[in-house]
1. Do we have any residue at all in region 397-412 that's touching a residue at least 12 places away in the same chain (Cβ under 8 Å), closer than 19 Å to Asn168 by Cβ and either open to solvent by 10 Å² or more (accessible area, probe 1.4 Å) or assigned to a helix (DSSP H, G or I) (or both)?
2. Tell me which residues, restricted to region 383-396, are in a helix (DSSP H, G or I), crowded, with 24+ Cβ neighbours inside 10 Å and at pLDDT 95 or above.
3. Exactly one of (1) small (Gly, Ala, Ser); (2) within 30 Å of Leu321 (Cβ to Cβ); (3) in a helix (DSSP H, G or I) is unmet by Ala191. Its number?
4. Evaluate region 151-158: report whether one residue or more is open to solvent by 10 Å² or more (accessible area, probe 1.4 Å), modelled with pLDDT under 90 and either in a helix (DSSP H, G or I) or among the aliphatic types (A, V, I, L, M) (or both).
5. Has region 51-69 got at least one residue that is more than 24 Å from Tyr285 (Cα to Cα) and modelled with pLDDT of 95 or more?
6. Taking region 319-358, which residues are of a type in the set (Val, Ile, Thr) and either touching a strand residue (DSSP E or B) at 6+ places or on another chain (Cβ under 8 Å) or open to solvent by 20 Å² or more (accessible area, probe 1.4 Å) (or both)?
7. Pairs under 8 Å by beta carbon, first residue within 18 Å of Gly266 (Cβ to Cβ) in region 62-87, partner open to solvent by 70 Å² or more (accessible area, probe 1.4 Å) and in a loop (DSSP other than H, G, I, E, B), six or more apart or different chains?
8. For region 368-382, how many residues are of a type in the set (A, V, I, L, M), closer than 22 Å to Leu247 by Cα and surrounded by 24 or more Cβ atoms within 10 Å (Cβ to Cβ)?
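The values are calculated or read from the model by the stated rules, or taken from the named source; none is laboratory data. All figures in this text were calculated on a predicted structure; none of them were measured in a lab. Note: ideal-geometry Cβ built from the backbone for every residue, glycine included; neighbour counts use all protein chains shown. Just the protein is used for accessible areas: all its heavy atoms, side chains included, with ligands, DNA and RNA removed. Shrake-Rupley method; radii C 1.70, N 1.55, O 1.52, S 1.80 Å.
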Amino acid sequence: MNTSALSPYRQKKAKRTITVLGAAAMIGVFAALVADTLKVITEHYEHDFLHRLGENRYLIFFLPLIGFSTIHILRHFLFRNKPNKGIREVMDSIVRNGKTLPAYKIPSHYFNGFLTVIFGGSTGIEVSTVVATASIGALSSHKINDLSKYRTDLICAGLAAGVTALFNAPIAGFMFAYEVFTSRRKKTHIAAVATAILTSFLLTKYFFYKQVFDFNVTVWHKEAIPYFILLGILAGFNAVFLTKSVLYFKKIFGSIQNDYVKILAGSLIISTLVFFFPSLYGEGYAGIKSLTIVSQPSDLLVLLPLLFVLFLKPIATSVTLGAGGDGGVFAPSLFIGAFLGLITAMTLNHFFHLNLIPLNFIVIGMAAVLSGSIHAPLTSIFLVCAIADNYILFVPIVIACLISRFVANKIYPFTVYTYKPMA
């Protein structure tokens, strides 16, 4: 074989690879800026509105209405009623390799996600961030010469960088792209995603990093393994309830032709739920933080409000999404898992005097429900370890996540991302 004839080809390939990696690095920077600024301003205004609600609880009967109405106005006048299908649209763009993600999805999901959460919509900004940062990757693939054939790689680079920035979790970002979107193993794909994650991680760590939760996890005991297995089973059932609830309420609200009726109905339901159970407001991270200071009750009736919240969170999330809010099941899964973990530990301690550590069950429950909801155990494992800022609970988290994923898949083999309604 004539090696000199291969030289121009190798040079062209090397140049193309450098271009892809350079684009991935820039995607990582822009994805981090989008994710981190959205996270910072959302946390600020959500905290501010929660403080105002503490002074006047009846404000809640106005906030969701303002939020949904503003989103509707933006969609109608600014984005011309263009469809927003969320992660489903990202997956279709990757699988079909046809229609790309348009640029308007970046500001659309950015502002709609922000407005949904700060005005009380019971979801999080994670899915809004993922779609926006995936759109950054798609945009770069057709704005830069010779990159159109690497669109899938750059879309995955964008969404992985977005998850990395939100949770300061680079491994979770990589696993999310791999488990949920595409299992490509090509060197260029892996290199592009890794490059975007690295730039996003460094930018976030040195300019925007803030620990989401302050979990003081210190130890776990092997005697608790059977109860971690039980928590994994319960998490699988709760994950399916969340999935089916979202699909059901989206169908119900989708059948309402009048947008104003849809907004009014959704606002009233959300306002009423949050009025009685304030921890349902927004992404719910404040509610998770409050669980860590709950002590073991002498009377299980104290757990009754927690059980109500556990049951109502999927409904609040589903109504939020059905009424036109922007978001997904990421933050709600973490919220549900935390409450489920605490209730499980305290119930077992009360009846069987097991001396289980409630905080451990809170953390493990978060990972387990997320694993069952999105059918992505590896993502859930590394994301929650990053949230906890240590790997002390790695083994029990792995056990609970794998069991939850198995149980959820056996009961209902779809997620909100993969379900396709019958034509």
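1. yes
2. Scanning region 383-396 gives Leu383, Val384, Pro396.
3. With (1) small (Gly, Ala, Ser); (2) within 30 Å of Leu321 (Cβ to Cβ); (3) in a helix (DSSP H, G or I) applied to Ala191, the lone miss is (2).
4. Yes, region 151-158 contains at least one residue that is open to solvent by 10 Å² or more (accessible area, probe 1.4 Å), modelled with pLDDT under 90 and either in a helix (DSSP H, G or I) or among the aliphatic types (A, V, I, L, M) (or both).
5. Our first condition is that a residue be more than 24 Å from Tyr285 (Cα to Cα); within region 51-69, this holds for 69.
Keeping just the survivors that are modelled with pLDDT of 95 or more gives 69.
Checked against the condition, which is being more than 24 Å from Tyr285 (Cα to Cα) and modelled with pLDDT of 95 or more, region 51-69 yields at least one hit.
6. Result: Thr347, Ile357.
7. If the second residue must be open to solvent by 70 Å² or more (accessible area, probe 1.4 Å) and in a loop (DSSP other than H, G, I, E, B), the pairs left are Arg75/Asn81; Arg75/Lys82.
8. Count: 4.
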